[in-house]
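What follows is a short report on a single structure.
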Amino acid sequence: MPFRSLNDDFSFSLYEKAIALPANDWDAISNKNTIFLEREYLKIVETGEHTKLMSRYVIVYHKGKPCGIIYFQIVDFKAGIFGELMDNQVQDIKSKRLNLFEKYIDSNKDEVLLRLFTCGNNLVSGEYGYLFDKKLGEDQSHTILLKIVEIVSKEEKLARTISAILLKDFHTALQPVELFEEEKYSNFFVEPNLVVEIPAGVDSVANYIALFSKKYRNRAKSIFKSIEGVEIKYLNSEEIKQHEKQIYKLYEGIFEKAKFKLIKLPKDYFSVVKNAFEKEFTVKGYFFEGKLIAFASSFLMPDNSLEAHYIGFDYELNNQYNLYQNILYAMIDEAIKHKRSKVNLGRTAAEIKTTVGAKAENLICYIKPQNTISKLIQKPFISFLQPAEWIPRNPFKEEA
């Protein structure tokens, strides 16, 4: 789409397909800063089999020169997902309007009820919604961002549907605070991201767990011993294709247990990503008697971190082989081998992740309802997404 003016100095172009993006303009800002805003990755997300996801891309220009990029995902939800939310969160609410809303949901479970307009990527945790030239500063960047969000979201709104705007996964509150308050955004915490910092001088997992207290060191050794007899190997793109059906089945087992089932990956996701990012993307398979019983995928990121991506395992065999905790330690091992400074282990299972040395980093989201009914469900929706209470563990020796 041709340039659209914001003011005398700034304009933007909107695109519906990643393949249509002018490579030089997008790459001038993305600059290989993160895989999740690279055009190749965005093409994979966009062309997957999930019918509920649409993408929009914006390039912002200052006097004709690219100065920012913005990535949107548009997801349509059926009423059924809100039926579950209502059952769990609003039993004590006696609002007449809300009761009517629940009755509507019960009789329209297969009808599209909400169009969620997200600045960011619903498939991964983190700040992957926009990048601006640092010369602009936060105030100016966020003023431009919210103006474009408003313009594009209005154009994408479906008639007679509830709609909401979501800006997702920030490590600190967006500035200036007054701007987001004036624009009627509410912020809230979601489940934290769990991060392992690799201490300087650590060159093996053995060295890493040597920093643990005796209790956790012995526990780690027991976890490693429990997986003896399971073959662990890196999978190339052909092997991923060969085992793709089982990989997806194991992934689905994790997906179905998720608190909020947003978007399911396309079935060929892992092989397609491996083909596009052969060096950066790793998939490990865990085999017992020739059968794939677990897998783990990760990215080597440009910021010298390792990003744990999707995993899957056989729940019936998890206790016997400590599959999940062995996967966590394998992520740390992978980071150490590649001399990475930290491992992003993602959200969920926070307490278990702290037993391997992870620390929690808060994530903040911003939401703006677009009509009366979306305002009505905002409070229970946010409550539904709040992190559950958990106890952080510290496996490291206490400093004298």
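Give me the number: length gained by fully extending residue 252 to residue 303, i.e. 0.36 nm times residue separation minus the C-alpha to C-alpha distance, one decimal in nm.
Values: separation 51, 0.36 × 51 = 18.36 nm, distance 2.97 nm.
Fully extending the segment from residue 252 to residue 303 adds 15.4 nm.
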C-alpha center-to-center spacing [region 13-32, region 161-184] in angstrom: 24 Å
Distance in nm between pseudo-label sites at residue 156 and residue 39 (7 Å out along the Cβ direction from Cα): 2.0 nm
Full-extension gain in nm, residue 386 to residue 232, via 0.36 nm per residue minus C-alpha separation: 51.9 nm
Contour minus Cα-Cα distance for residue 181 and residue 204 (0.36 nm per residue): 3.5 nm
Net charge over other residues, Cβ less than 14 angstrom from the Cβ of residue 224 (K, R count +1; D, E count -1): +2
Correct choice for Rg and Dmax of the Cα atoms in Å that was computed from the model, options (1) 22.3, 67; (2) 29.0, 97; (3) 21.1, 66: (1)
Among 233, 241, 359, residue whose mean-square fluctuation peaks in a GNM of the chain (springs only between Cα atoms under 10 Å): 233
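What dipole magnitude, in Debye to the nearest 20, does the chain give about its Cα centre under +1 on Lys/Arg Cβ and -1 on Asp/Glu Cβ? Before the final figure, lay out the partial values.
Details: 55 positive and 54 negative charges, 101 e Å.
The dipole of the chain has a size of about 480 debye.
Go ahead and estimate [θ] at 222 nm for the chain from helices alone: -39,500 (n - 2.57) per DSSP H run with n ≥ 4, summed, over the residue count, rounded to 500.
Numbers: 15 runs with 150 residues, N = 400.
So the calculated ellipticity at 222 nm is -11000 deg cm²/dmol.
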GNM result for the chain, Cα springs below 10 Å: residue of 20, 360, 296 fluctuating most strongly: 20
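Quick note: the coordinates plus some simple rules give every number you see, no bench work behind them. Model, not experiment: these values are computed from the prediction. Glycine gets a Cβ as well: all are built from the backbone with ideal geometry, and neighbour counts include every protein chain shown.
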